[in-house]
Amino acid sequence: PIALELENAAKRYGETTAVDDVSLAVREGEFFTLVGPSGCGKTTTLRLIAGFETLSDGTIRFGGTDVTGVPPEDRDVGVVFQNYALFPHMTVAENIAYGLNFADPPGGVSDDQRVTELLELIDLGGMGDREPDQLSGGQQQRVAIARALAPGPDVLLLDEPMSALDARLRERLRLQVKEIQSELGITTVYVTHDQEEALAISDRVAVMNAGAPEQIATPREIYRRP
Ligand code: ADP
Ligand code: ADP
């Protein structure tokens with residue numbers, strides 16, 4: 001089944017076409033990555049899916065339902081941006097609980113239980129009382145992911161969550177993100193400019209150029225290309 005799809009999606013800013021006639025479908029439970037050089041339209045595509053930007057043209061559907069005009073808070077997505085910082089004056093647990101945004105946690109558990117579950121999911125069990133600046137960059141990004149996951153969204157959107165980290169931490173976080181994603185089986189759209197990273201963690205990759213995918217394929221299919 002298809003979790004979300006763009007049909008002839010376009011986004012223009014005046015003279016600039018950021019996203020140009022994109023059609024793609026992400027399957028339920030899939031780890032789908034938009035990869036390509038800076039300026040090719042990855043972030044804009046993600047922001048269109050999240051609902052932070054409105055389409056100039058085309059349609060977005062979630063599970064077959066047209067959500068084109070639907071605001072972000074009604075889209076059932078969790079979003080982590082590159083510089084989506086944690087609140088420094090709140091504990092880790094408070095940061096994650098903030099992600100609930102007054103919604104009831106999924107599974108009928110209490111807010112505290114939900115935070116505990118998520119801390120374990122991101123391998124930070126028992127660290128809820130820490131302040132963000134007591135954590136490593138990779139740990140902070142995992143907290144940001146937990147905050148996005150708190151209300152139990154159907155879709156997780158990640159924009160270059162590793163970019164501020166050094167190469168070694170990036171590789172570790174990459175594995176952890178993949179692990180979290182597989183454990184939940186959550187549909188994930190991931191943005192990176194790093195082709196190696198994209199091929200390492202994705203079920204399918206859309207290779208973007210000048211506002212549109214020029215290829216959508218599995219890593220295996222991309223490697224096999226001469
Ligand atoms: P990427 O994420 O691949 O680096 P972006 O989606 O950020 O690419 O940007 C695609 C193109 O659209 C770039 O030329 C960028 O400058 C332009 N763009 C993105 N957002 C805006 C905006 N809010 N106003 C004007 N131009 C924008
Ligand atoms: P990316 O990491 O995808 O390249 P940028 O750092 O280029 O993202 O852009 C960060 C934010 O600035 C995004 O929200 C994007 O929409 C916006 N933006 C990008 N280019 C422009 C632009 N030329 N004019 C106005 N806003 C822009």
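Throughout, read-outs are computed from the coordinates displayed, never taken from laboratory work. Treat the numbers as computed from the prediction; the structure is a model and nothing was measured. Note: ideal-geometry Cβ built from the backbone for every residue, glycine included; neighbour counts use all protein chains shown.
Summary table below
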read-out	value
Members of the range 50-67 that are surrounded by 13 or more Cβ atoms within 10 Å (Cβ to Cβ) and without any contact (Cβ under 8 Å) to a residue 60 or more places away in the chain	Gly51, Phe52, Glu53, Leu55, Ser56, Asp57, Gly58, Thr59, Ile60, Arg61, Val67
Which listed residue, of Phe81, Phe87, Phe52, is within 16 Å of ligand 2 (Cβ to nearest atom), aromatic (Phe, Trp, Tyr) and under 23 Å from Gln176 (Cα atoms)	Phe81
Residues that are closer than 25 Å to Leu173 by Cα and loosely packed, with under 13 Cβ neighbours inside 10 Å, drawn from the range 183-220	Glu183, Gly185, Glu196, Arg220
Residue selected from the range 19-59 under the condition over 19 Å from the mean Cα position of the chain (by Cα) and part of a strand (DSSP E or B), by the criterion farthest from ligand 1 (Cβ to nearest atom)	Thr59
Lone unmet requirement of (1) more than 18 Å from the chain's Cα centre (by Cα); (2) in contact (Cβ under 8 Å) with a residue 40 or more places away in the chain for Gly14	(2)
Wholly enclosed strands (runs of 3 or more DSSP E) of the range 161-226 bearing at least 3 residues of a type outside the set (Val, Ile, Thr)	204-209, 212-217
Residue satisfying all of: in the range 1-18; of a type outside the set (D, E, K, R) and closer than 25 Å to Gly185 by Cβ; nearest to ligand 1 (Cβ to nearest atom) among these	Leu6
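Results for (1) out of contact with any Pro (no Cβ under 9 Å at 6 or more places or on another chain); (2) hydrophobic (A, V, I, L, M, F, W, C), shown as yes or no for each residue.
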{"site": "Leu4", "(1), (2)": "yes, yes"}
{"site": "Ala25", "(1), (2)": "yes, yes"}
{"site": "Phe32", "(1), (2)": "yes, yes"}
{"site": "Gly36", "(1), (2)": "no, no"}
{"site": "Gly39", "(1), (2)": "yes, no"}
{"site": "Thr65", "(1), (2)": "yes, no"}
{"site": "Thr68", "(1), (2)": "yes, no"}
{"site": "Pro72", "(1), (2)": "yes, no"}
